[in-house]
Amino acid sequence: MSPERAKTKGQRVVRIGVAFSGGPTATEIVGRVKLAEELGYESAWVTEGHGGDQFAILSGCAVATNRITLGTAISSVFVRSAPTIAMAAASVDDLSGGRFILGLGSSHRVQVEPEHGATFAKPIERVRETVGVVRSLLSDGFVTLMGETIKIEKFDLWFSPLRPRLPIYLAGLFPKMVQVTGEVADGIILTRSTLSTADHIRKNLAIGAERVGRDASEIAVTSLLPTVVADTREEAYELMRPGLALYAGFFPRYNKLIAGHGFVEEAFQIAKAFAEGDMESATLAVSDAMVDATSVCGTPEDCRDKLAAYRDSGIDLPIISPFARGPNAATLFERAIRACVEG
């Protein structure tokens, strides 16, 4: 990354990214990514879920911007075929002039099966094999694989990718996936990190890297950080609580993550209330300490201070992830984008 791509404070390069997970329309996201570029954001990421097609949106961002890095955070290895992912990645990379990072992950069984009608099985091996397919297609132009989870007799590209090797980051939360990231990827995408997360993540990246003779220090550590900016810290916490309750209630893996951060009782009560269809109780079970530990939340100054703390803790690139839905979503995203860099 060149210094021109990041907001500077004195002589220090301040790294920051922004992620979009739904709320603004595709056109509104493109506009906010242009703003982020103007303000010095290093990167902009589009998640996969219910907020629009990530590769289509990123293609729009690619032709509307000049410097900002663009990425998926993440693209599920279960809901698109591996060759389709490779072609989509190569296309955005070409349109952006080589500014693309492919973020991959397994997503969650509770999304993959009931929402997409796909089978969720052997997620770690599926991620590993997808990385192999993408690498082979972009470097060689064709791939054949009779793997554990992916079987391709032959697939060949009918175009030449701009880059035969583009950066691949993997989503990881727990040791096995983090270690695989250390083996095969250029970076890791965390989520809902605390200020103590980077230390144990780096240890597991090093374990994986050592298996294949890699230098773990070359693997980027990034994290999606739920972000709410408000006039007061109390108001921001109240706005953050429902989203945190939803994630910890709906996704078993995130519930486990929250418990692992030390909020065992809160995680239990949220899961229990969510299972009973009681979102009010689930939201009330989200403590202030839980919000504070896993979010960028508060006044603009609070948010900038927390982002600095994440950088100091060992997160190379904190990625703000504003949560906003409804007709005012684009305005709320813009407020967060501006507040997190402007002093």
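The values are calculated or read from the model by the stated rules, or taken from the named source; none is laboratory data. Quick caveat, the model's predicted, so the values are computed rather than measured. Quick reminder, even Gly has a Cβ in these numbers, built from the backbone with ideal geometry, and neighbours come from all protein chains shown.
I'd like to check which strands (runs of 3 or more DSSP E) are fully inside the range 11-103 and have at least 1 residues that are of a type in the set (Gly, Ala, Ser).
Details: elements: 12-14, 17-20, 43-46, 69-72.
Strands (runs of 3 or more DSSP E) meeting the threshold: 17-20, 43-46, 69-72.
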Could you figure out which of (1) touching a helix residue (DSSP H, G or I) at 6+ places or on another chain (Cβ under 9 Å); (2) assigned to a loop (DSSP other than H, G, I, E, B) isn't true of Ile270? (2)
Is there any pair linking a residue in the range 258-272 that is of a type in the set (Asp, Glu) and surrounded by 15 or more Cβ atoms within 10 Å (Cβ to Cβ) to one that is outside any helix (DSSP H, G or I) and modelled with pLDDT of 95 or more, with Cβ under 9 Å and at least six apart or on different chains, and which? Glu266/Ala285; Glu266/Val286; Glu266/Ser287
Identify the residue in the range 277-287 that is assigned to a loop (DSSP other than H, G, I, E, B) and at negative phi and, among all such residues, is surrounded by the most Cβ atoms within 10 Å (Cβ to Cβ). Val286
Only one of (1) touching a residue at least 12 places away in the same chain (Cβ under 8 Å); (2) closer than 23 Å to Pro167 by Cα does not apply to Thr144, and that is (1)
So Ala209 passes all but one of these: (1) under 20 Å from the mean Cα position of the chain (by Cα); (2) on the phi < 0 side of the Ramachandran plot. Which condition number does it fail? (1)
Could you please find all residues in the range 288-316 being touching a residue at least 60 places away in the same chain (Cβ under 8 Å) and of a type in the set (Val, Ile, Thr)? Thr294, Val296, Thr299, Ile315
Search result, residues across the range 148-159 that are surrounded by fewer than 12 Cβ atoms within 10 Å (Cβ to Cβ), more than 28 Å from the chain's Cα centre (by Cα) and assigned to a strand (DSSP E or B): Glu153, Lys154, Asp156
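Let me confirm something: among Leu190, Leu244, Leu225, which residue is within 22 Å of Ala309 (Cβ to Cβ), assigned by TED's automatic domain parsing to the domain that holds Gly132 and crowded, with 24+ Cβ neighbours inside 10 Å?
Numbers: Leu190 fails: crowded, with 24+ Cβ neighbours inside 10 Å; Leu244 fails: assigned by TED's automatic domain parsing to the domain that holds Gly132.
None of the others qualify; the one that does is Leu225.
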If we scan the range 200-209, do we find a residue that is under 19 Å from Ile16 (Cα atoms), in contact with a Gly (Cβ under 7 Å, 6 or more places away or on another chain), assigned by TED's automatic domain parsing to the domain that holds Arg135 and touching a residue at least 40 places away in the same chain (Cβ under 8 Å)? no
What about Ala62, is it over 30 Å from Leu145 (Cβ atoms), small (Gly, Ala, Ser) and touching a Leu at 6+ places or on another chain (Cβ under 6 Å)? no
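Could you grab me the full set of residues in the range 48-85 that are aliphatic (A, V, I, L, M) and in contact (Cβ under 8 Å) with a residue 60 or more places away in the chain?
Residues satisfying the conditions are Ile68, Ala73, Ile74, Ala82.
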Could you grab me the full set of residues in the range 251-273 that are more than 18 Å from Leu225 (Cα to Cα) and hydrophobic (A, V, I, L, M, F, W, C)? Val264, Ala267, Phe268, Ile270, Ala271, Ala273
Quick count over the range 95-147, residues being basic (Lys, Arg) and surrounded by fewer than 20 Cβ atoms within 10 Å (Cβ to Cβ), is 3
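Just one of Phe250, Phe274, Phe263, Phe268 is hydrophobic (A, V, I, L, M, F, W, C), in contact with a Gly (Cβ under 6 Å, 6 or more places away or on another chain) and on the phi < 0 side of the Ramachandran plot; which is it? Walk me through how you get there before you give the answer.
Working: Phe250 fails: in contact with a Gly (Cβ under 6 Å, 6 or more places away or on another chain); Phe263 fails: in contact with a Gly (Cβ under 6 Å, 6 or more places away or on another chain); Phe268 fails: in contact with a Gly (Cβ under 6 Å, 6 or more places away or on another chain).
From the options Phe250, Phe274, Phe263, Phe268, the qualifying one is Phe274.
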Taking the range 182-225 and keeping residues more than 22 Å from Arg15 (Cα to Cα), of a type in the set (Val, Ile, Thr) and assigned to a helix (DSSP H, G or I) leaves Val184, Ile207
